[in-house]
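> I am attaching a structure below and will ask some questions about it afterwards.
Read the figures in this text as sums done on the coordinates, not as results from a lab. Everything numeric in this text was worked out from a predicted model, so none of it was measured. With ideal geometry, Cβ positions are generated from the backbone for all residues, glycine too; neighbour counts draw on all protein chains shown.
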């Protein structure tokens, strides 16, 4: 799967790109609030028969990193034959602004290259390689401010399918789950210097990204390790609560979803899903089971919550669940192991072979509005929507589609 990224051969589609009303950002994995749901409205109610207009399309490289967008720039990671790179593109044209090596290429029979998505924060880019290299770069120039290999620094072994959790910023810290031994599974580093602030837990690392939540006024960091979903205190990493969750092959990958003291988790390989009730009182936090069933088995892409309904991939079938009860409302085949995001009351579904669909975010039935073929090949990366532009990629190229009037 080694592919050389030929930026010299960039092919930009010559289309006029109108200004999009308002300025949105998608600065990290699953967006600013980590939900995978965009606040943008006024998007196309239906797409042209041939699909949305292609604003630009260009060669990229291997990997499954999604796209982060901030200040008119789009950032992602990709792999070449030997290296993993962070690249900054002009969001409107696809022009390469800068690119920076962050580490050696991670190789795997299921796909080479980076898995994590860059995080953009206060003029810096935090990028994490498949081999555990964490780099803090200047967002304007790509110049490295600090960097460290977290596996070496904290005595951890790489995961079978590579490090995948995206950098999470909490206050002055960047929080990661490298899975180090001796109480160094979860680590908080100074976001400006890379120095260690605290370490916590002995769990083997998961593939998921840290989520920040508020429970009854208590701030918590939720970590989905290979062994459990755990709540930590941001100040010192102390364990607040733990809910054991072991999955075959240690594949806890999907990002937890939180709303109103309820936390949804899901894994594949027959493990299923659960909704936890979280509470905090007098400095103590608890987690209890509301339901646990086999109705949603998220593999490597996460579900989203729109209103009272969860939408996600139950292994290779798109499914809708009632958030409060876990009951299945409908299922739809045909996308294999795809991904989903939401905006403007609609679902944007990206199939494993680049089938792109627009559907109503309905709990009644799957109601498809439009469908097209966006790219080709294997497409395991969830798209990004920002300012009326939809960014999609496969393992060799990236495209930007116009889905606003």
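> Convex hull over the alpha-carbon atoms of region 123-239: what's its volume per residue in Å³?
Normalising the Cα hull of region 123-239 by residue number yields 91 Å³.
> Same structure, new question: Calculate for the chain the 222 nm mean residue ellipticity that helices alone would give, adding -39,500 (n - 2.57) per DSSP H run of length 4 or more and normalising by residue count, nearest 500 deg cm²/dmol.
About 0 deg cm²/dmol.
> Using a Förster distance of 41 Å, how high is the FRET efficiency between residue 324 and residue 82, based on the Cβ-Cβ distance and rounded to 0.05?
Efficiency, from the Cβ-Cβ distance: 0.25.
> Please work out the Cα center distance from region 103-118 to region 195-265, rounded to the nearest Å.
Here the two parts' Cα centres lie 24 Å apart.
> Return, ordered by residue number, the residues of region 216-238 whose backbone nitrogen is under 11 Å from a label point located 7 Å along Cα→Cβ of residue 261.
216-217
> Now, a different point. Give, in nm to one decimal, the length gained when the segment between residue 284 and residue 109 is fully stretched (0.36 nm per residue of separation minus the Cα-Cα distance).
Gain on extension, residue 284 to residue 109, equals 58.5 nm.
> Over all directions, what mean area does the Cα convex hull of the chain project, stated in square nanometres?
Orientation-averaged projected area of the Cα hull: 17.6 nm².
> What three numbers, in Å, describe the spread of the alpha carbons of region 258-405 along their principal axes, ordered from the longest?
In descending order, the Cα extents are 50, 32, 31 Å.
> At 0.890 mPa s and 25 °C, plugging the Kirkwood radius over alpha-carbon pairs of region 171-275 into Stokes-Einstein gives what diffusion coefficient in µm²/s?
Using the Kirkwood radius from Cα pairs, D works out to 177 µm²/s.
> Could I ask something else about it? Suppose a student asked you for the relative contact order of the chain, using Cα pairs under 8 Å spaced at least 6 residues apart; what percent would you report? Write down the numbers at each step before the final one.
Values: 1191 pairs, mean separation 57.0, N = 405.
Normalised by residue count, the contact order of the chain is 14 percent.
> Return the Rg/Rh ratio of region 276-335 with Cα-based radii and a Kirkwood Rh.
My calculation of the ratio gives 1.09.
> List the relative contact order of region 336-378 as a percent without decimals, with contacts defined as Cα pairs under 8 Å and 6+ residues apart.
Working: 81 pairs, mean separation 13.1, N = 43.
Relative CO of region 336-378 lands at 31 percent.
> Follow-up question, since we're still on this one. Taking R0 as 35 Å, what's the FRET efficiency between residue 369 and residue 292 from their Cβ-Cβ distance, rounded to 0.05? Numbers along the way, then the final one.
Numbers: r = 34 Å, r/R0 = 0.96.
Plugging the Cβ-Cβ distance into 1/(1 + (r/R0)^6) gives 0.55.
> Using only the Cα atoms of region 235-294, each taken as one equal point scatterer with no solvent, compute I(q) by the Debye sum, divide by I(0), and report log10 of the ratio at q = 0.15, 0.19, 0.31 Å⁻¹.
Debye output, listed in q order: -0.50, -0.76, -1.35.
> Over 18 Å apart: what share of the alpha carbon pairs of region 141-187 falls there, rounded to a whole percent?
Every Cα pair in region 141-187 considered, those over 18 Å come to 34 percent.
> What distance in nm lies between label points placed 7 Å from Cα along the C-beta direction at residue 219 and residue 122?
So the label points at residue 219 and residue 122 sit 1.2 nm apart.
> First obtain the Kirkwood hydrodynamic radius of region 24-133 from its Cα pairs, then insert it into the Stokes-Einstein equation at 20 °C and 1.002 mPa s, and state the resulting D in µm² per second as a whole number.
D, rounded to a whole number, is 143 µm²/s.
> Let's test this: bin the Cα-Cα distances of region 343-405 at 10 Å from zero up to the farthest pair and state each bin's percent.
22, 53, 24, 2
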